[in-house]
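Computed from the coordinates by the stated procedures, all read-outs in this text should not be read as laboratory data. Computed from a prediction, not measured in an experiment: that's the story for all the values here. FYI the Cβ positions are ideal-geometry reconstructions off the backbone, even for glycines, and counts take in every protein chain you see.
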Amino acid sequence: MASKEFSGLCSLVSSLSESILCTTGLKMYLVESKGGAITCMFLALFFLGTWPALLTMLERRGRLPQHTYLDYSITNFLSALLIAFTLGGIGKGTHDQPNFLVQLAQDNWPSVLFAMGGGLFLSLGNLSSQYAFAFVGLSVTEVITASITVVIGTTLNYFLDDKINKAEILFPGVGCFLIAVFLGSAVHSSNAADNKAKLSNFTGDYKDGDISSKEGDIVKSKDLESGSSSADNVEAGTAVFLVELEEKRAIKVFGKSTLIGLALTFFAGLCFSMFSPAFNIATNDQWNTLKKGVPHLTVYTAFFYFSISCFVIAMILNITFLYHPVLNLPKSSFKAYLADSDGRVWALLAGLLCGFGNGLQFMGGQAAGYAAADAVQALPLVSTFWGVILFGEYRKSSRRTYILLGSMLFMFIVAVAVLMASSGQRNSTAKE
């Protein structure tokens, strides 16, 4: 009896919902104009350039990256749910663009698997870059991963999108990114030389990246005298600042090979270069994997499945890393994670920024082409800004470093402008 009553209630709710949507004339929101697509890309650029700075800030404050990433993953997934049930779920869809809830019951598993594959790539890329930030630095990590994404991912998206972007504009934009990569590598090399010189002048005991007990005593004595954290009193960019940062941060980097950071960075870049093409195939079915008559996944449905995969992989890996940490990090536990509330708000905010940033990127890409949407890979512009403001990167560096840094940022500005200028407009009325 109870089962029949529940079934009847579900049917009533479904009928009422459909009736309301029909009578109010609501339609599922889709970005279809070039102007709307560019707006989405600019917002995505800011969001996706900001969340890495928040994760870096927490690592520098000593919070374990496993704890931070678990918090980040929760709100990252919740943002996808919010987008799916609001923009994708409110309003009546069409046959070619079904409502999110309607599409969940359709036989579209080939496209779903592509979307989930994209989520797998993104989760692995984000997790790798979180550790790379400590070794290579926020700005340089973002430059290298963005460049790999543009060179590989944007080229793939151009052909997957049936060349709707203007090639004569798009590929010079890719070239601008490549130039910025070389400038970024030069910035990293110059800044590393500057830091080594600072530490060498700080004490004769500094050799090959090792910090002597004498240096540690100097930093600690300053803490005792001031009665507060030395991070609040030591000027950014000085040798004492670098030593104090190493003592406080969660991931210790002094004395470790830079190849570790570069390997993590290049792996992250390869992963990032694949998730956008996978999402492109999921929403446009260029390989004709869906059965005849089955509509393509909407950007909201694809983003939902994409985020499920991203969330599951992140949870599995980071819970494993709690008990079996990498890179000589201390062991933790799920109980310790739950008790670690220090910085949790910032980690949750980072997840929201990343989730909404990815959603906006995909919404813009569906309208103007995913190759043009990859212009958000100019996010090192934003990350470098936060790196300088929040973390004192390049503070007290040489004139050569400043010239290279300015040249890199200028080239990124040119690159994002050129890629956005290449955007076309997808023919939404074309027969699929």
Q: Run the quick spin-label model on Ala336 and Leu78: label points 7 Å from Cα toward the beta carbon, then report their separation in nm to one decimal.
A: 2.5 nm
Q | Potential lengthening between Ile389 and Ile413 on full extension [0.36 nm per residue; Cα-Cα distance subtracted] | A | 6.8 nm
Q: Determine the shape class of the stretch 100-170: with a ≥ b ≥ c the square roots of the Cα gyration tensor eigenvalues, call it rounded for a/c under 1.5, and otherwise prolate if a/b is greater than b/c, oblate otherwise.
A: oblate
Q. Gain in length, Ala236 to Trp287, computed as 0.36 nm per residue apart minus the alpha-carbon separation, to one decimal in nm?
A. 13.1 nm
Q | Packing-based ranking, highest mean first, of 247-257, 49-59, 405-415 given that Cβ atoms within 10 Å are counted | A | 49-59, 405-415, 247-257
Q: Kindly write out, for the stretch 306-320 in residue order, the coupling ³J(HN,Hα) from the Karplus curve 6.51 cos²θ - 1.76 cosθ + 1.60 (θ = phi - 60°), rounded to whole Hz, with x marking Gly and Pro.
A: 4, 6, 4, 4, 4, 5, 4, 4, 4, 5, 4, 5, 6, 5, 5
Q: Find the Rg to Rh ratio for the stretch 249-320, where Rh is the Kirkwood radius over alpha-carbon pairs and Rg uses the same atoms.
A: 1.16
Q. Using θ = phi - 60° and the Karplus form 6.51 cos²θ - 1.76 cosθ + 1.60, what ³J(HN,Hα) does each residue of the stretch 279-288 get, whole Hz, x for Gly and Pro?
A. 5, 4, 5, 4, 8, 10, 6, 4, 9, 6
Q. Contour minus end-to-end for Tyr323 and Glu247, with contour as 0.36 nm per residue of separation and end-to-end as the Cα-Cα distance?
A. 25.1 nm
Q: Just need the relative contact order of the stretch 46-186 here, percent rounded to a whole number, with Cα pairs under 8 Å and 6+ apart.
A: 24 percent
